[in-house]
1. Yes or no: residue 10 modelled with pLDDT under 90 and of a type in the set (Lys, Arg)?
2. Please work out which one of (1) buried (at least 16 other Cβ atoms within 10 Å of the Cβ); (2) more than 20 Å from residue 13 (Cα to Cα); (3) touching a strand residue (DSSP E or B) at 6+ places or on another chain (Cβ under 7 Å) is the condition residue 93 fails and give its number.
3. Could you run through the stretch 26-56 and say how many residues are loosely packed, with under 15 Cβ neighbours inside 10 Å and either over 23 Å from residue 89 (Cα atoms) or charged (D, E, K, R) (or both)?
4. I'd like to check something: does the stretch 71-85 contain any residue that is basic (Lys, Arg), surrounded by 13 or more Cβ atoms within 10 Å (Cβ to Cβ) and not in a helix (DSSP H, G or I)?
5. Within the stretch 96-108, how many residues turn out to be under 18 Å from residue 57 (Cα atoms) and crowded, with 18+ Cβ neighbours inside 10 Å?
6. Hey, does the stretch 63-82 have a residue that's in contact with a Leu (Cβ under 8 Å, 6 or more places away or on another chain), among the charged types (D, E, K, R) and free of Cβ contacts under 8 Å to residues at least 60 places away in the same chain?
7. In the stretch 26-70, how many residues are part of a loop (DSSP other than H, G, I, E, B), of a type in the set (Asp, Glu) and either out of contact with any Pro (no Cβ under 7 Å at 6 or more places or on another chain) or under 22 Å from residue 112 (Cβ atoms) (or both)?
8. Within the stretch 5-25, how many residues are buried (at least 18 other Cβ atoms within 10 Å of the Cβ) and either in contact with a helix residue (DSSP H, G or I) (Cβ under 6 Å, 6 or more places away or on another chain) or in a helix (DSSP H, G or I) (or both)?
Amino acid sequence: MKILLVDDEKESRACVADFLRDLGHEVVECADGYEALTHYHAQEFHLVLSDVRMPKMNGVTLVQNIREFEDGRNVYIVLFSGNVELETAAEAMRIGANEYLFKPIGIEDLINITDRAVEYQVCR
């Protein structure tokens, strides 16, 4: 599966990316929403994992932009945050995120997310 991983915290992003690669997934890493949109336009992704709080473009705005594309409903999107902000979580789900998680994201969470993303692709 092809995954777009977006997080401005380089060490956190690298740890998640390495684990996903060990599971056999192809991972493209980005540090912010603008960079992610550039990659999203150029390639097809099955899963987008994005932090909420980032410079330049936050994760909620990224979801909104992706969902506006013609193929934007075909990708499974999960937002995550280190801050418990229920209003932000509700807004993210309203505009099209499939899931919202709180950091740190556990190994079991990542496995379950990738499984649900595969199911989402099959049901499309």
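1. No: the conditions fail for residue 10.
2. (1)
3. Let us first name the residues in the stretch 26-56 that are loosely packed, with under 15 Cβ neighbours inside 10 Å, namely 26, 38, 41-44, 55-56.
Then drop every residue that is not either over 23 Å from residue 89 (Cα atoms) or charged (D, E, K, R) (or both), which leaves 26, 38, 41-44, 56.
Residues flagged as loosely packed, with under 15 Cβ neighbours inside 10 Å and either over 23 Å from residue 89 (Cα atoms) or charged (D, E, K, R) (or both) within the stretch 26-56 amount to 7.
4. Here is the first cut: in the stretch 71-85, the ones basic (Lys, Arg) are 73.
From the residues that got through so far, the ones that are surrounded by 13 or more Cβ atoms within 10 Å (Cβ to Cβ) too are none.
There is no residue in the stretch 71-85 that is basic (Lys, Arg), surrounded by 13 or more Cβ atoms within 10 Å (Cβ to Cβ) and not in a helix (DSSP H, G or I).
5. 2
6. Looking through the stretch 63-82, none of the residues is in contact with a Leu (Cβ under 8 Å, 6 or more places away or on another chain), among the charged types (D, E, K, R) and free of Cβ contacts under 8 Å to residues at least 60 places away in the same chain.
7. From the stretch 26-70, those part of a loop (DSSP other than H, G, I, E, B) are 31-32, 43-46, 52-58, 69-70; that's our starting set.
Those still in the list that are of a type in the set (Asp, Glu) too: 32, 44, 70.
From what's left, either out of contact with any Pro (no Cβ under 7 Å at 6 or more places or on another chain) or under 22 Å from residue 112 (Cβ atoms) (or both): 44, 70.
Going through the stretch 26-70 one residue at a time, the tally reaches 2.
8. 7
The values are calculated or read from the model by the stated rules, or taken from the named source; none is laboratory data. Source: prediction; values computed, not measured. Here the Cβ is made from the backbone with ideal geometry for all residues, glycine too, and neighbour counts use every protein chain on show.
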